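Nothing in this text is a laboratory measurement; each read-out follows from the coordinates by a stated rule. All figures in this text were calculated on a predicted structure; none of them were measured in a lab. Ideal geometry is used to build each Cβ from the backbone, glycine not excepted, and the neighbour counts take in all protein chains shown.
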There are 4 protein chains.
Amino acid sequence: MGTERFTSEEDDVQTLYNDLADEHLQPLWELTGLLTHEPAVSTQPFRWSGRTLKKLAARSGELIPIDRGGDRRVLACANPGLQGAPFATSTMWAAVQFLNPSEGAPPHRHTPAALRFVLEGEGAWTLVDGDPLHMATGDLVLTPSMTFHEHHNPGAQPMMWMDVLDLPMVAALDAVFFEEGPTEQVDTRTDPLSSSEQHWGGGPGLSPVRHLGKNAAAPHSPLLAYRWADTDRALSRLLDSDSSASETTLRFTNPFSGGDVMPTMRCQMQRVLAGNQSAPRRQTGSQVCAVLHGNGVIHVGNTSFPVESGDIVVIPSWHTWQIRADAELDLFSVSDAPVLESLGLYRETAE
Amino acid sequence: MGTERFTSEEDDVQTLYNDLADEHLQPLWELTGLLTHEPAVSTQPFRWSGRTLKKLAARSGELIPIDRGGDRRVLACANPGLQGAPFATSTMWAAVQFLNPSEGAPPHRHTPAALRFVLEGEGAWTLVDGDPLHMATGDLVLTPSMTFHEHHNPGAQPMMWMDVLDLPMVAALDAVFFEEGPTEQVDTRTDPLSSSEQHWGGGPGLSPVRHLGKNAAAPHSPLLAYRWADTDRALSRLLDSDSSASETTLRFTNPFSGGDVMPTMRCQMQRVLAGNQSAPRRQTGSQVCAVLHGNGVIHVGNTSFPVESGDIVVIPSWHTWQIRADAELDLFSVSDAPVLESLGLYRETAE
Amino acid sequence: MGTERFTSEEDDVQTLYNDLADEHLQPLWELTGLLTHEPAVSTQPFRWSGRTLKKLAARSGELIPIDRGGDRRVLACANPGLQGAPFATSTMWAAVQFLNPSEGAPPHRHTPAALRFVLEGEGAWTLVDGDPLHMATGDLVLTPSMTFHEHHNPGAQPMMWMDVLDLPMVAALDAVFFEEGPTEQVDTRTDPLSSSEQHWGGGPGLSPVRHLGKNAAAPHSPLLAYRWADTDRALSRLLDSDSSASETTLRFTNPFSGGDVMPTMRCQMQRVLAGNQSAPRRQTGSQVCAVLHGNGVIHVGNTSFPVESGDIVVIPSWHTWQIRADAELDLFSVSDAPVLESLGLYRETAE
Amino acid sequence: MGTERFTSEEDDVQTLYNDLADEHLQPLWELTGLLTHEPAVSTQPFRWSGRTLKKLAARSGELIPIDRGGDRRVLACANPGLQGAPFATSTMWAAVQFLNPSEGAPPHRHTPAALRFVLEGEGAWTLVDGDPLHMATGDLVLTPSMTFHEHHNPGAQPMMWMDVLDLPMVAALDAVFFEEGPTEQVDTRTDPLSSSEQHWGGGPGLSPVRHLGKNAAAPHSPLLAYRWADTDRALSRLLDSDSSASETTLRFTNPFSGGDVMPTMRCQMQRVLAGNQSAPRRQTGSQVCAVLHGNGVIHVGNTSFPVESGDIVVIPSWHTWQIRADAELDLFSVSDAPVLESLGLYRETAE
């Protein structure tokens, strides 16, 4: 370990280089690759097959008890460009989590923010600071930074969903904190509707006066679950509003502020009608996408991934991407765009 | 006209007072009532009966053609405390507007912002910058500052609704501008769903990505209609979430920003369950309220108004008010609270 | 008193009008002057002569003891357009305040915000929540909403300055509150530098870390005095930066937020070089201006006022105004522009 | 390269692990060190001696022509905890830059933001988008993201200063863009005062009206130079305001918004009086500090660095730090706190 050592054929320069290395200094004029004309991206375009994820998660469910380590039965997507790190992109963790019937994952909390997206199945609950959120296909559930969260599956079928966390970013900022929950017991309540939705889920532009104050300081959405029925209807309405449109995109937003659901991750759902291609786009920052419905091809940079429902696809920063829908395709995506925007680093081109 | 003249029994002071008056100056030490310990409010607590409003509006509908003056058949609530001005409160205009079958009110726009609230009936349309908004009982429809708006009633029944405008406030700021519409023709479209709702009304926390940019600069909500079905469900959910609650209040908000629907007026709906009283409250700024459903009594300061659906009630600034619901009561209210808040002048006490 | 009564030659319409009046309703179609194409402004362009203000203030100083009423010896500018109200414009109070040697005005506070601008002389102090602010020619001193303030003159010469308050606006919003100070004694401290300036006056873009938190919630500037030496140097630098410029304008801003010094009033200083005219401008909202140095002519609407140092001039809403400087002219101005901007009602044209 | 492979003594688990690795998946229950109770920080506390930096920079000045690579003669501080990367902390680059008399570094621009702080000497200029900023001891000069910048030294003495960039953070976000300047020529203007300072440096709370609009969109300060004379006076005033204080800290802020000078880096200057210790503190995020004046000891975690003027010290995230001043000590610091704050990840404790 230590400072890299540079070499020169000139004796006095070599002496200088040695002295610099001894003092933990590096000569800029020998460094390359620091200030590149465009982003030098390690994250690779990649697809994890939904069928494979289901099979491997189920095998883990048979072989690995839930409490073996970390109280979570999770398979992490490890991007092949990231030197073996268990991260889907340079800034985001993506994984599938699997719960057998009657299993539960006890409460804990941490500074990295998480979200859960259900690609198939229903019947598990996530509790966020004690508020029970039912999980079913197409639902987005938030477990924001430093909220206690736990999961349980009271049903007869196993349940799997996708987790996305901003863990690599929070780790890069040296700001990871973690706490066990106040109890090791899993709270197995199965309320059909969370308090979060009772307060904030009544309808667009309808805010509960009594709960405005306590959300003023929170950096995340007070609405913790976004239901597929709403998302589906909203997508349909958007497409109905413009008969020439062959695609549309919704952003999941914080009803208290209108901004992103959490300060580090933007969540969107894009629908491309059968037989159409989305406009090619590229943007700074990376994306984790999951195919909820439909099939087709996702082009990312120079790679093309045939996709079907359940697949997870990574789009690295500044890579042009485009969707071709063979059957009507609904694509859920998570990106680090709010961070890039807040730092003045977001760029997007429609090509 | 001119500067007020003050008198003194001391000769040299009287000479000074005369000289001051000649120079359009007034001696502060002779003025009273400027800096009062609490607000000195001219607006009086008042109730306009819904039954009376309906009868008088219908008679106007028989006697007065829609184009007699200003292209609007409107009866303005004139608060008896305001020296004959046609204003409901010191800062707000409130009125009922009446359209016979097949009548229309052609487009115009103005800096004062307006909203329409339907207390009974359905079947008229308001078009805002050409976007047709259906109007039915319990709906709130916005016609923000400087948006062209027109109304028409294609049905077989007359239609009446309440208008609330910030006209007194905008006039006090010397900022009233008015323009006729680009055409005198009324647009008689009857689309069941507005573009505004197709884009922004899909569900709580669901924002259309393509329409985010163009709403960034607007100071008002991109969602222009708030439907009673949503409001009713949201109120029910809020009351369900707390079994000990006997009242609850929703705020209508701008889904793009989470703030009030327009910068000058706050819109809320309060439900008080039958047999209960709301907590007494008072606040700076005035309110125009309308009873949508139910009956009971509204106490305002030292006055008590028996109320039923259709009644309009004014709550002046810093007057304690309380609702007693004999039958479950839904009260729609408009206030100037966003202005007081933005200027640091809002105070509220729950007593 | 009560609702205005309208008349008609048609009997049944007259009956309707009578019934409307009885019910405190007014027919919109008979009303005029409500929605005007451009603002209908009562405030008139006006100038109060500085020489006259000085003479009359001095006579008041001889004749009227400071404690005769309200503990302030103040002459209020009463705009001849405002029906005898003691207001300079529809939204602002302007006045001169006079203190004899050794006199003091004891502490009080109120929701209307005030500022003091010194047109000539020096040697008085204003204390804001106990912090002593020295007052000298060209200084701007703030006494924000609900801060206790008191004045005293320890010197050998009388002292006069201009007061501007947002009183008409706060009164129109029914939000005036007033409190006597905790003591009737005037605090006669004469510290040369206020805490406010020690904390926030060190230089442009230099903020005290320990004082950031407690200013986060305040709607007004933590810096309470803006010194002429700084303002003069800043104006000179601005003019130096553009050799073709014949005028320039500075805005006094809140160093904590970059915004206006108080939420209701914008303060600016404009310098026009000798022999030049400023560009003609008009804007919504009214202005109170005071000539600090120089002389020339101020055109407002169709009126032209010859001005010299000490004069106070009112520019009503939407009136074109222009300055001709015979000698280099420094014009201090206060406007209600922050209110109009926050409500989406600000318009400005350079003609 | 590729996904890390895990091992198990159970055959079927080992088979699962192999299959997971083949599919670029990792089992969370085998991973450790991801969610730590407190930040697991690689950046080490470190000090680079100012005397050594000066000597090595001067030797580079003799041996290395300015145009050898990258047009900048820069020695980068390489933190020994960061595996040979040329970064001072996990999020910040720190370096010294050296210019011989008559040398210049031609214009370029990049998304990583930079600042320059002069620890000793004077007489070079940095031009930012063509605006010439003189550089002298104690001055802070900003070259914000995507502004063209160049340097030249017209004097008779060599000149050295410290550079700090957010390069590691921008690289971690895959958002580095770089462009050569429009010309390879260095602009050798030597104006004594920049336009930036003429417009925005006039005094605290004084903003140029004509330049407000064009700065509204910029995420960085329009004031590009903060002069030592101002900083010194402001520190003195702060200490004068509280006779019991033995230390004080100023933040360099954006006069347009009151916020940090750039969205990624917070700049502060702390003064500790001779014979005193600062309060121990710790916070999330890292800091690069430079001793401008004085000497003493800086404790960081379990390490204590004797320091004197010219030294550069790194404080890693969540390490307690404290300053002991033997002679009155002025410490300039740069941190990533604005990023942590905007993401809801900032924590600070005074111990």
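Across peptide B:97-109, the mean count of Cβ atoms from other chains lying within 10 Å of each residue's own Cβ comes to 0.
More than 17 Å apart: what percent of Cα pairs in segment C:132-199 qualify? Working shown, then result.
Details: 1291 of 2278 pairs.
I get 57 percent for the Cα pairs in segment C:132-199 exceeding 17 Å.
How many partner chain Cβ atoms sit within 10 Å of a residue's Cβ in peptide B:336-349, on average, as a whole number? Each step should come with its number before you reach the end.
Numbers: counts 3, 0, 2, 6, 4, 2, 7, 16, 13, 16, 2, 3, 0, 0.
Other-chain Cβ atoms within 10 Å of each residue's Cβ, averaged: 5.
Scanning chain A for trypsin sites (Lys or Arg not before Pro) in DSSP loops with at most 14 other Cβ atoms within 10 Å, what's the longest stretch left with none? The answer is A:6-188. Site pair residue B:12 and residue C:347 shows an inter-label distance of 5.3 nm when each label is modelled 7 Å from Cα along Cα→Cβ.
Distances, shortest first, from the label point of residue C:188 to those at the same position in the other copies read 6.6, 8.1, 8.3 nm; the point lies 7 Å along Cα to C-beta. For the Cα atoms of chain C, what angle does the longest principal axis make with the long axis of helix C:50-63, in degrees from 0 to 90, nearest 10? Between helix and principal axis, roughly 80 degrees. Extending 7 Å from the Cα toward the beta-carbon at both residue C:31 and residue D:37 defines two label points whose distance is 6.9 nm.
Residues in segment A:73-80 carry Karplus couplings, in order, of 9, 10, 10, 8, 6, 10, 4, x Hz; the curve used is 6.51 cos²θ - 1.76 cosθ + 1.60 with θ = phi - 60°, and Gly or Pro positions show x.
Neighbours of residue B:286 by Cβ distance under 9 Å: Lys/Arg scored +1, Asp/Glu scored -1, total -2. Shown in residue order for segment A:84-92 are the 3J(HN,Hα) couplings computed by the Karplus curve 6.51 cos²θ - 1.76 cosθ + 1.60 at θ = phi - 60°: x, 5, x, 10, 6, 9, 4, 10, 10 Hz (x for Gly and Pro). Rounded to two decimals, the Cα-based Rg/Rh of segment C:83-127, with Kirkwood Rh, is 0.99.
Within the listed set C:222, C:39, C:27, the Gaussian network model of chain C (springs between alpha-carbon atoms below 10 Å) gives the highest mean-square fluctuation for C:27.
Counting every other Cβ atom within 10 Å of each residue's Cβ, C:317, C:243 order from fewest to most as C:243, C:317. For the pair segment D:283-338 / segment C:55-73, the C-alpha centres are spaced 59 Å from each other.
For residue C:261, the residues 5 or more places off, or on other chains, whose built amide H falls under 5 Å of its own are C:254, C:267. Counting Cβ atoms of other protein chains within 10 Å of each residue's Cβ and taking the mean over peptide C:144-153 gives 1.
Relative to the compact-globule estimate of 2.2 N^0.38 Å, the Cα radius of gyration of chain A comes out at 1.10.
Close amide H pairs (under 5 Å, H built 1.01 Å from N) link residue D:326 with D:275, D:295, D:296, D:297, residues at least 5 positions away or on another chain.
Find, to one decimal place in angstroms, the Kirkwood hydrodynamic radius of the protein assembly as shown, where the mean of 1/r is taken over every pair of different Cα atoms and then inverted. Intermediate results must be reported in sequence, preceding the final value.
Values: mean 1/r = 0.0286 Å⁻¹.
Value: 35.0 Å, from the Cα pair sum.
Annotation: amide H of residue A:103 within the under-5 Å range of A:153, sequence separation 5 or more or interchain, hydrogens built in the peptide plane.
Over segment B:142-274, calculate the relative contact order: mean separation of alpha carbon pairs under 8 Å at least 6 apart, over the residue count, as a percent.
After rounding, I find 21 percent.
Looking at segment C:159-246, I'd like the Rg to Rh ratio, where Rg is from alpha-carbon atoms and Rh is Kirkwood's inverse mean 1/r.
1.05
Can you classify segment C:36-134 as rounded, prolate or oblate using the Cα gyration tensor, where a ≥ b ≥ c are the square roots of its eigenvalues, rounded means a/c under 1.5, and otherwise it's prolate if a/b beats b/c and oblate if not? It comes out prolate by the Cα gyration axes. To test your reading of the geometry: what angle, between 0 and 90 degrees and rounded to tens, separates the Cα axis of helix C:11-22 from the longest principal axis of chain C? Tilt relative to chain C: about 40 degrees. 3J(HN,Hα) along segment C:333-341: 9, 10, 9, 8, 3, x, 5, 4, 5 Hz, from the Karplus curve 6.51 cos²θ - 1.76 cosθ + 1.60 with θ = phi - 60°, whole Hz, x for Gly and Pro.
The C-alpha atoms of chain A define a longest principal axis, and helix A:228-240 lies at about 80 degrees to it. With Cα atoms defining each centre, segment C:102-179 and segment B:253-272 are spaced 37 Å apart in the structure.
For residue A:297, what charge total do you get from the other residues with a beta carbon under 13 Å from its beta carbon, if Lys and Arg give +1 and Asp and Glu give -1? Kindly include the intermediate steps, with their values, before the conclusion.
Values: positive: A:47, A:324; negative: A:308, A:311, A:326.
Summing Lys and Arg as +1 and Asp and Glu as -1 gives -1.
To one decimal place, what Kirkwood hydrodynamic radius in Å is obtained for segment B:77-172 from all pairs of distinct Cα atoms? Please list the in-between numbers first.
Numbers: mean 1/r = 0.0727 Å⁻¹.
Taking the inverse mean of 1/r over all distinct Cα pairs, segment B:77-172 comes out at 13.8 Å.
Expressed as a rounded percentage, what relative contact order does chain C have, with Cα pairs under 8 Å and six or more residues apart? Each step should come with its number before you reach the end.
Values: 807 pairs, mean separation 54.3, N = 351.
That works out to 15 percent.
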